[in-house]
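Here's the structure, in structure tokens; my notes come after.
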Amino acid sequence: MRLAQHMAVASDRVRATAIEATEFPDLSRAYRVMAVPKIVINDRVEFEGALPEPQFLAAVLQAAAGNGH
Amino acid sequence: MALLNARDEAEVRKQLGQIRDPVKLVVFSETLSGAADLCAQNEQLVREVAALTDKATVETLNLAIDRERAEGYGIERVPAIVVEGARDYGIRFYGVPSGYEFSNLIDSMIVASTGEPGLSEETKASLQALTIDIDIKVFSTPT
């Protein structure tokens, strides 16, 4: 969440939401959370585990480009 | 009973010393929902944290009653926390922030108070060039 919340401060376009997975099982199911941390960007790009800043940014840009998987 | 012990308080107070400008923690609860206990715990935690700095204020809202405010913030579930600095930067917490997320709550208050993200110039430039909205969800667990 740390990188995500700093990104939110850096850009008006970015919103960062931390979700406590066990308190929201419906969301965890909907987003197929099997391991944490799990990051989902614009519901289209996702990854598990902490990524260094450049790779996290690449995921954000991938989501922004609309070519996620 | 306090959620933060004396040692936690001392550590958090030290970290919150980095807050520069005022921050506001907007807490959403729903007393009649199944999440009432978690909402009460969340509200208590936020109040205990805010009491450790003179630069944080707390506003508590009810998801069922303060619907316009909830919509404005895009809050759909409880317990929830919005961390605001000079403006709403889009930082949200769903669920009681404990463990790792507790550290992030404190960090979010500090970065919201300065408006200065700890990111490289290259990252900041890329983010400022975004032309569509980006929603980042970070799922975690307390341990």
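Where a number appears in this text, it was derived from the coordinates with a stated rule and is not lab data. Everything quoted here is computed from the prediction, not taken from an experiment. For neighbour counting, all protein chains shown are included, and Cβ atoms are generated from backbone atoms with ideal geometry for every residue, glycine included.
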If a residue has to be within 20 Å of A:Ser28 (Cβ to Cβ), in contact with a Lys or Arg (Cβ under 8 Å, 6 or more places away or on another chain) and free of Cβ contacts under 8 Å to residues at least 40 places away in the same chain to count, how many in region B:64-111 make the cut?
4
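What about B:Glu43, is it assigned to a helix (DSSP H, G or I), away from every other protein chain (no Cβ under 12 Å) and closer than 22 Å to B:Glu11 by Cβ?
Considered against the rule, which asks whether it is assigned to a helix (DSSP H, G or I), away from every other protein chain (no Cβ under 12 Å) and closer than 22 Å to B:Glu11 by Cβ, B:Glu43 comes out as yes.
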Of all the strands (runs of 3 or more DSSP E) wholly in chain A, which have at least 2 residues that are more than 7 Å from chain B (Cβ to nearest Cβ) and not acidic (Asp, Glu)?
A:45-48
Could you say whether any residue in region B:20-28 is of a type in the set (Lys, Arg), free of Cβ contacts under 8 Å to residues at least 24 places away in the same chain, surrounded by 14 or more Cβ atoms within 10 Å (Cβ to Cβ) and assigned to a strand (DSSP E or B)?
no
Which of the residues spanning region B:1-19 are in contact (Cβ under 8 Å) with a residue 60 or more places away in the chain, of a type in the set (A, V, I, L, M, F, W, C) and in a loop (DSSP other than H, G, I, E, B)?
B:Ile19
Just to be sure I understand, how many residues within region B:115-143 are among the charged types (D, E, K, R) and in contact with a helix residue (DSSP H, G or I) (Cβ under 6 Å, 6 or more places away or on another chain)?
1
Apart from one, (1) of a type outside the set (Phe, Trp, Tyr); (2) surrounded by fewer than 20 Cβ atoms within 10 Å (Cβ to Cβ); (3) under 21 Å from A:Glu23 (Cβ atoms) all hold for B:Gly17; the odd one out is (3)
Working only within region B:101-134, note down all residues that are more than 7 Å from chain A (Cβ to nearest Cβ), over 17 Å from A:Ala64 (Cβ atoms) and more than 20 Å from the chain's Cα centre (by Cα).
B:Glu121
Identity of the residue in region B:62-101, hydrophobic (A, V, I, L, M, F, W, C) and under 15 Å from B:Leu38 (Cα atoms), that ends up surrounded by the fewest Cβ atoms within 10 Å (Cβ to Cβ):
B:Leu63
